[in-house]
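Asks: Sharing a structure with you now.
The values are calculated or read from the model by the stated rules, or taken from the named source; none is laboratory data. Keep in mind it's a predicted model, so treat the numbers as computed, not measured. All Cβ positions, glycine included, derive from the backbone under ideal geometry; neighbour counts span all protein chains shown. In case anyone asks, the SASA skips ligands and DNA or RNA and just uses the protein heavy atoms, side chains included. Shrake-Rupley method; radii C 1.70, N 1.55, O 1.52, S 1.80 Å.
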Amino acid sequence: MSYFSLGIILVSSFSGIAVAGESSLHLHGVGYGPEMDEVRLIDRGDGTGPKMMKLKDAFQYSKMAHEAGRCGGFMDLTGQPELNGPPPVEVESFKLNLEDRALTQGAYLESSLALLDASRVSDTVKQLSSNRNRYYRSSYGVQAAHWIAGQFRELSRNRTDVKVELFSHSFEQPSVIASIAGQGPHQNEIVVIGGHEDSINQSAFGSREMLAPGADDNASGVGTVLEIFRVLIQSGFKPDRTLMFMTYAGEEVGLLGSQDIANRFRNEGKSVVAVMQIDMTSFPGSGNQVVFITDNVSTELTRFSQKLMDVYVKVRWGTDRCGYACSDHASWNRAGYSAVMPFEATMSAYNRDIHTTRDLIGKLDFNHGLAFLRLGLAFMSELSMN
Ligand code: BES
Ligand code: ZN
């Protein structure tokens with residue numbers, strides 16, 4: 001899917017946009033990073049199962065799949081083969097009965113939805129996309145994670161029920177997890193909203209200095225998660241369940257950060273009852289609508305979220321398939337948890353400038369992104385109460 005960008009990069013080199021690495025389509029081009037030669041366990045999502053291969057070959061496969069007219073994302077499963085088994089009982093037993101679940105937060109949402117401010121998402125996108133990149137192995141990527149953690153801390157100053165943590169991985173960039181502690185008998189159950197913090201320029205394989213603004217993909221998602229957090233804090237919301245706000249590292253190279261987190265949570269028997277993935281919210285490619293991804297997700301949680309759309313968001317919605325593990329919801333889904341992914345547009349109309357130097361703020365419409373703020377706030381408040 002993302003590798004679609006490779007076609008566009010050719011065009012940009014002909015049109016004379018000169019950026020280091022941009023014109024090289026070769027894996028051994030400018031800034032080729034050593035991680036590209038690492039042998040990793042890669043699942044290409046084509047039904048043939050995980051295989052050992054070099055990271056550069058996984059990228060090469062994606063590029064070829066795209067040229068053949070197919071999407072070609074992959075999941076890097078290195079270090080996580082235990083996830084091939086069924087989920088442990090503890091995880092299964094905490095599924096909510098979403099079918100019959102009544103909506104109870106109408107009064108809270110009536111006042112708090114009005115507090116959501118799309119211009120704050122724009123501010124976050126401006127800030128994050130003005131850095132060179134947020135690549136999972138670059139110092140810029142590490143700095144971005146620390147900046148996000150700082151935002152969570154600043155928004156929750158003086159709150160003793162809030163905790164902001166960095167989650168370390170086997171590569172430089174940490175993920176960020178902010179939690180609002182639940183109160184009472186359901187405090188060990190967890191509701192998650194998250195999106196990836198890293199960015200990539202698919203034509204500058206592995207370069208630490210690549211230009212990858214990643215405004216839509218996925219500074220827009222990070223801004224959305226931060227703004228929902230801000231409103232829950234500012235409105236003094238005290239959840240029964242524990243609410244977690246996550247920005248994942250290393251998504252663009254095979255869902256690495258979210259797999260580490262989902263896997264650790266599963267191994268620790270953590271009862272995550274629902275996960276919403278926010279990845280690309282602000283390019284209105286197919287008009288005024290939210291598109292629910294239907295593969296690698298929970299159908300029950302998706303149906304529940306569609307109900308939230310009808311009741312609280314009142315924006316048109318549709319459905320489409322990614323066709324492969326296209327974002328972090330797939331990591332949670334694979335670990336046995338219920339996940340949902342609302343997306344900015346249909347697969348034929350999403351922002352084609354992602355993973356290039358042109359994924360810039362100027363292309364975005366934060367009014368389109370407002371639907372995701374509303375949906376996310378409704379999701380976190382409704383699912384956090386018993
Ligand atoms: N934001 C994209 C996912 C996406 C793109 C979903 C377009 C739907 C339409 C994500 O960051 C991404 O690029 N994912 C990779 C797969 C990843 C596992 C390497 C992709 O789509 O190729
Ligand atoms: Zn993305």
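Asks: Picking from V231, V272, V225, which residue would you name as being more than 27 Å from Q143 (Cα to Cα), in contact (Cβ under 8 Å) with a residue 60 or more places away in the chain and of a type in the set (A, V, I, L, M)?
Replies: After ruling out the rest, the residue left standing is V272.
Asks: How many residues does region 304-338 contain that are under 24 Å from S348 (Cβ atoms), assigned to a helix (DSSP H, G or I) and within 16 Å of ligand 1 (Cβ to nearest atom)?
Replies: 3
Condition check ((1) in a strand (DSSP E or B); (2) near ligand 1 (Cβ under 10 Å from one of its atoms); (3) not charged (D, E, K, R)) across all residues:
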| position | (1), (2), (3) |
| --- | --- |
| D260 | no, no, no |
| R266 | no, no, no |
| G269 | no, no, yes |
| V272 | yes, no, yes |
| D279 | no, yes, no |
| S286 | no, no, yes |
| V291 | yes, yes, yes |
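Asks: Follow-up question, since we're still on this one. Restricting to region 148-162, give me the number of residues that are within 17 Å of V176 (Cβ to Cβ) and either of a type in the set (V, I, T) or crowded, with 18+ Cβ neighbours inside 10 Å (or both).
Replies: 7
Asks: Something else: Taking L109 as the residue in question, decide whether it is modelled with pLDDT of 95 or more and surrounded by 14 or more Cβ atoms within 10 Å (Cβ to Cβ).
Replies: Working: modelled with pLDDT of 95 or more: yes; surrounded by 14 or more Cβ atoms within 10 Å (Cβ to Cβ): yes.
Here the answer is yes, as L109 does meet what is asked.
Asks: Then there's this: Taking region 266-280 on its own, how many of its residues are touching a strand residue (DSSP E or B) at 6+ places or on another chain (Cβ under 8 Å) and among the polar types (S, T, N, Q)?
Replies: Looking only at that region, the number is 2.
Asks: Return the pairs, sorted by first residue and then second, in which the second residue is crowded, with 20+ Cβ neighbours inside 10 Å and aromatic (F, W, Y), the first residue lies in region 162-181 and is touching a residue at least 24 places away in the same chain (Cβ under 8 Å), the beta carbons are less than 6 Å apart, and the residues are 6+ apart or on different chains.
Replies: Final answer for the pair search is F171/Y136; Q173/Y136; S175/Y248; A178/F152; A178/F245.
Asks: Filter region 182-204 for residues that are more than 16 Å from ligand 2 (Cβ to nearest atom), at pLDDT below 95 and in contact with a helix residue (DSSP H, G or I) (Cβ under 6 Å, 6 or more places away or on another chain) and give the result.
Replies: Within region 182-204, S203 is the sole residue that qualifies.
Asks: Answer yes if at least one residue in region 230-240 is open to solvent by less than 10 Å² (accessible area, probe 1.4 Å), under 20 Å from S62 (Cα atoms) and outside any loop (DSSP other than H, G, I, E, B), and no otherwise.
Replies: no
Asks: Also, quick follow-up: Hey, can you tell me all the residues within region 252-269 that are open to solvent by 10 Å² or more (accessible area, probe 1.4 Å) and within 16 Å of ligand 2 (Cβ to nearest atom)?
Replies: Matches in region 252-269: E252, L256.
Asks: Is it fair to say G223 is at pLDDT 95 or above and part of a helix (DSSP H, G or I)? Let's see the steps before the verdict.
Replies: Values: at pLDDT 95 or above: yes; part of a helix (DSSP H, G or I): yes.
Yes.
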